[in-house]
There are 2 protein chains.
Amino acid sequence: MSPSALPYRPHNHEACVAQALADARTICQQHSARLTPTRERVLELIWQSHKPLGAYDVLAVLAEDGHNAAPPTVYRALDFLQQHGLVHRIASLNAFIGCTHAGEAHNGMFLICRACHNVLELTAPGVSSAVSRAAAAESFQPDDVTIEVAGYCPRCVSEPAHDG
Amino acid sequence: MSPSALPYRPHNHEACVAQALADARTICQQHSARLTPTRERVLELIWQSHKPLGAYDVLAVLAEDGHNAAPPTVYRALDFLQQHGLVHRIASLNAFIGCTHAGEAHNGMFLICRACHNVLELTAPGVSSAVSRAAAAESFQPDDVTIEVAGYCPRCVSEPAHDG
DNA sequence: CGAAATTTGCAACATTATAACATTAGCAAA
DNA sequence: TTTGCTAATGTTATAATGTTGCAAATTTCG
Ligand SMILES: [Zn+2]
Ligand SMILES: [Zn+2]
Ligand SMILES: [Zn+2]
Ligand SMILES: [Zn+2]
């Protein structure tokens, strides 16, 4: 494994974005869903960093684009992207982040840095199975699992803060 | 263990409330914190059922009480109660629920029924340790862990819905 | 008591999200 | 090509949730 996951180290982030957009096109085609210009632009904005973006942040950038959009436009695009597994909503932040496992069946777990605000999405099989067992012990049938861990990323535990 | 956890079966719920309030008094005393009438009333309202209650729901009941409260009153009371481990906020619902492990060190995991809206708080050591391991594998230092599982409770998997 | 700290009241405001309805774009059958 | 259908978008307004700032009241403690 890498010494440090993507969000925490310098990398060619344009490649992240390009890959995400390419994956999105493929997935939407497979789903017979239309990745319209607005939807694609919103996805691109969400991917502009590894930090989650609020719906109104997206809205503001669209406004800079000259796209005179209202809140429903953004929320609809985000709903669409969520539906097709391209973005996740982080409940504890009321914000959205690009899915790094689009297309794969996965149960995301999010590591949210309180200092630099980067978010790392993990697939943690051990966690998923532990949750399933705990739910099963109560005869509870899980449908959707939210796991969000706030704390400090490897870079920020040592140094004060990184906005990278 | 019981065949079915408390929220899912008929029980003397007044006893739940009374116990919660008694525990709260003890805990606040230990913390040298003041469980003022407003705070106690809010805690009682949160405990009125095993379903989470929104801040504005609390506000509405206070209004019925004749207590002319504004949002900050409720949010401050809720903040206080959270601070002392007496209630939890459910991020995926923007709502609050009484803590069933007040006073004990614990990492809550919440089973949220989509049909009857009851919430069961569990202490799941297996889950906590799996989360810790997953975070450690990324050199991430966890601070606060949110685990919320939406799905169907034992009663609602079979029958259409229970409001109990 | 009287100063300091905590708690509350209150008004305004900020942020996040949805409802309702009109309009337009994409696509296929007549 | 025209018609008719569905999905997508535009538009306006509003709902729901949460915060800031300051003044007044209450409690604590010397
Ligand atoms: Zn990147
Ligand atoms: Zn960080
Ligand atoms: Zn009960
Ligand atoms: Zn249920």
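The values are calculated or read from the model by the stated rules, or taken from the named source; none is laboratory data. In this text, all values refer to a predicted model and were calculated from it rather than measured experimentally. A quick note on method: Cβ atoms are made from the backbone with ideal geometry, for glycine too, and the neighbour counts reach across all protein chains shown.
Summary of computed values
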quantity: Filtered residue count, region A:61-81, keeping only those that are more than 17 Å from residue A:35 (Cα to Cα) and either charged (D, E, K, R) or in contact with a Gly (Cβ under 9 Å, 6 or more places away or on another chain) (or both); calculated: 2
quantity: Verdict on residue B:95 being touching a residue at least 40 places away in the same chain (Cβ under 8 Å) and of a type in the set (Gly, Ala, Ser); calculated: yes
quantity: Index of the failed condition, residue A:60 passing every other in (1) out of contact with any Lys or Arg (no Cβ under 8 Å at 6 or more places or on another chain); (2) of a type outside the set (Ser, Thr, Tyr); (3) surrounded by 22 or more Cβ atoms within 10 Å (Cβ to Cβ); (4) farther than 24 Å from residue B:148 by Cβ; calculated: (3)
quantity: Of residues in region B:79-89 being within 14 Å of chain A (Cβ to nearest Cβ) and either farther than 21 Å from residue B:57 by Cβ or surrounded by 17 or more Cβ atoms within 10 Å (Cβ to Cβ) (or both), the one nearest to ligand 3 (Cβ to nearest atom); calculated: B:88
quantity: Odd one out for residue B:136 among (1) away from every other protein chain (no Cβ under 14 Å); (2) over 18 Å from the mean Cα position of the chain (by Cα); (3) closer than 30 Å to residue A:130 by Cα; calculated: (1)
quantity: Members of region B:103-124 that are part of a loop (DSSP other than H, G, I, E, B) and away from ligand 4 (no atom under 15 Å from the Cβ); calculated: B:103, B:104, B:105, B:106, B:107, B:124
quantity: Within region B:76-89, tally of residues that are within 9 Å of the chain's Cα centre (by Cα) and part of a loop (DSSP other than H, G, I, E, B); calculated: 1
quantity: Pairs with Cβ under 7 Å, 6+ apart, first in region B:6-17 and away from chain A (no Cβ under 14 Å), second more than 7 Å from ligand 3 (Cβ to nearest atom) and not in a helix (DSSP H, G or I); calculated: B:10/B:164; B:16/B:47; B:17/B:47
quantity: Flag if residue B:148 is among the charged types (D, E, K, R) and buried (at least 18 other Cβ atoms within 10 Å of the Cβ); calculated: yes
quantity: The listed residue being assigned to a helix (DSSP H, G or I), under 14 Å from residue A:109 (Cβ atoms) and facing chain A (nearest Cβ under 7 Å), out of B:145, B:127, B:149, B:157; calculated: B:127
quantity: Subset of region A:90-142 [crowded, with 21+ Cβ neighbours inside 10 Å and either aromatic (Phe, Trp, Tyr) or closer than 30 Å to residue B:9 by Cβ (or both)]; calculated: A:96, A:110, A:127, A:130, A:131, A:134, A:135, A:140
quantity: Residue in region A:51-64 that is within 16 Å of ligand 2 (Cβ to nearest atom) and either within 14 Å of another protein chain (Cβ to nearest Cβ) or among the small types (Gly, Ala, Ser) (or both) present; calculated: yes
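Residues are listed down the side, and each one gets a yes or a no for (1) without any contact (Cβ under 8 Å) to a residue 24 or more places away in the chain; (2) more than 27 Å from residue A:112 (Cα to Cα); (3) not assigned by TED's automatic domain parsing to the domain that holds residue A:154:
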position	(1), (2), (3)
A:20	no, no, yes
A:23	no, no, yes
A:26	no, yes, yes
A:44	no, no, yes
A:59	yes, no, yes
A:66	yes, yes, yes
